[in-house]
Amino acid sequence: MEKFLEISANWLLESKKIGILTGAGISKESGIPTFRGEDGLWKNYSATELATPQAFQKNPTLVWEWYLWRRKLVKEKKPNAAHYALVDLKNLKSQTELITQNVDGLHRRSGFGKHTEMHGYLFRDVCTNCTFIQEDIESNEKIPHCPQCQAMMRPGVVWFGEMIPQKALTHLQQMAEVDLLLVIGTSKTVYPAAGLVHYMQLNNKKVIEINPELSSQMIKNTLSLGFPAGEILPKIIEKLKSLIKT
Ligand code: BV8
């Protein structure tokens, strides 16, 4: 592992602009199940049954039940060492930017500061009728209703088949200009997020990928690290700090 820590820390040191793309894997060590893993969120239901406008149209109660269950689960969890290592990285390398596929809000709670939640935010409610939006509001209704027009609210996330908000898409496109992309805890199955990784690799730009499913190796400019993010990210940042000191 030492060799990989050296390379990773040097790549971070040499890079001017660093991009970070995170997926559900970074929150695994916080106790939040990933989507496609053993204990995955999709285990009992498929994504199509729940995370689509059609599913919501057909059975809003079931979809809300799933989101309210996830909210309860996530509320009790906390950011882990991987989230905080990224905050350290940003303090060491100011031109570091983050796009997350996650809706759990753990990067907000870790204090990373400005970043893009490209698939929305689990604790956001959006009115299905007017423009009203609210965040972090407790509701014991089975289906929250709009305080402005009383219509049904929906979870403020991006479902499959829905467009990614333009602002997030623009950031994703800009992220392709970074010198180094850190890809942490994603199966790279969801687009257009996964497309960014492929673009970087196609253009032979530096990518460091952290995912225990991977075997640790370097192929061209992609360094794959087969370790849990909470274990290896703090070590990489410690190595970077020691390089900056010398
Ligand atoms: C769109 C919010 C235009 C809801 C989510 C090509 C181009 C454009 C679109 C598509 C395309 N091909 C297909 C599409 C359609 C679709 C898509 O990608 N489908 C997939 C299934 C093939 N994309 C869309 O619909 C997007 N919209 O592009 O609009 C359009 C539309 C239709 C057709 C053409 C164009 C919108 C997608 C947004 C969906 N919403 N979330 C909610 O959360 O309820 S996606 C959902 O999956 C989550 O956000 C999650 O983040 C995301 C991706 O999953 P991962 O984060 O990667 O999680 P996963 O469990 O899969 O993997 C975790 C990984 O972590 C594993 O590899 C594991 O090994 C690893 N791990 C485990 N422990 C650790 C770890 N890693 C590190 N440390 C650990 N400790």
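The values are calculated or read from the model by the stated rules, or taken from the named source; none is laboratory data. Note that the structure is a prediction, hence the values are computed from the model and not measured. Note: ideal-geometry Cβ built from the backbone for every residue, glycine included; neighbour counts use all protein chains shown. Each accessible area value is taken on the protein alone, full model and side chains, heavy atoms only, with ligands, DNA and RNA left out. Shrake-Rupley method; radii C 1.70, N 1.55, O 1.52, S 1.80 Å.
Axis of helix 60-75 versus longest Cα principal axis of the chain: the two differ by about 40°, to the nearest ten degrees. If you sort the three axes of the alpha carbon gyration tensor as a ≥ b ≥ c, you get a/c of 1.5 or more for region 163-219 and a/b no higher than b/c, which makes it oblate. Report the local net charge at ARG108: Lys and Arg +1, Asp and Glu -1, summed over other residues whose C-beta lies under 14 Å from its C-beta. Residues close to ARG108 contribute a combined charge of +3.
For the chain, with only Lys/Arg (+1) and Asp/Glu (-1) charged at the beta-carbon, what is the dipole magnitude about the Cα centre, in debye rounded to 20?
Using only the charged Cβ atoms, the result is roughly 360 debye.
When the Gaussian network model of the chain links Cα atoms closer than 10 Å, the mean-square fluctuations of TRP69, TRP11, TRP159 top out at TRP69.
Both radii are taken from the alpha-carbon atoms of region 1-125; with Rh as the Kirkwood radius, Rg/Rh is 1.04. Surface composition of the chain: carbon plus sulfur atoms hold 54% of the accessible area, using a 1.4 angstrom probe and ignoring ligands, DNA and RNA.
What length, rounded to one decimal in nm, is gained on full extension from LEU202 through to GLN150, with 0.36 nm per residue of separation minus their alpha-carbon distance?
Full extension of this stretch gives 13.8 nm more.
Within the chain, antiparallel bridges make up roughly 35 percent of the DSSP beta bridges whose residues both belong there. So which of LYS77/LYS206; LYS3/LYS90; LYS28/LYS245 end up more than 27 Å apart, counting from Cα to Cα? From LYS77/LYS206; LYS3/LYS90; LYS28/LYS245, over 27 Å: LYS77/LYS206; LYS28/LYS245. From Cα pairs below 8 angstrom and at least 6 apart in sequence, can you work out the relative contact order of the chain, rounded to a whole percent? Contact order relative to length: 26 percent. The residues of the chain expose on average 49 square angstrom of accessible surface per residue, using a 1.4 Å probe on protein heavy atoms. With a cut-off of 11 Å between beta carbons, the residues surrounding LEU86 carry a summed charge of 0, where Lys and Arg count +1 and Asp and Glu -1. Beyond 31 Å in Cα-Cα separation lie the following of the pairs LYS17/LYS188; LYS72/LYS241; LYS72/LYS205; LYS188/LYS239; LYS205/LYS235; LYS167/LYS241: LYS72/LYS241; LYS72/LYS205; LYS167/LYS241.
Amide H contacts of GLU209: VAL183, LEU223, SER224, LEU225, each under 5 Å away and 5 or more positions distant or on a separate chain (H built 1.01 Å from N in the peptide plane; Pro and chain starts excluded).
Could you tell me the center-to-center distance, by alpha carbons, between region 201-246 and region 74-106 in angstrom? That distance is 16 Å.
Placing unit charges on each Cβ (+1 for Lys and Arg, -1 for Asp and Glu) gives the chain a dipole about its Cα centre, and among LEU92, ILE236, PRO165 the Cα reaching farthest toward its positive end belongs to LEU92. Normalised by 2.2 N^0.38 Å, where N is the number of residues, the alpha-carbon radius of gyration of region 138-246 equals 1.48. With respect to the chain, whose longest principal axis is taken over its alpha-carbon atoms, helix 193-202 is tilted by about 20°. Classify the chain as rounded, prolate or oblate from the Cα gyration tensor: take a ≥ b ≥ c as the square roots of its eigenvalues, call it rounded if a/c is under 1.5, otherwise prolate when a/b beats b/c and oblate if not. Prolate, since a/c reaches 1.5 and a/b exceeds b/c. Taking Lys and Arg as +1 and Asp and Glu as -1, the other residues whose beta-carbon sits under 14 Å from that of GLU117 total +1. A straight Cα-to-Cα reach below 15 Å connects LYS16 with the aspartates and glutamates GLU97, GLU177, ASP179, residues fewer than 8 places away in its own chain not being considered.
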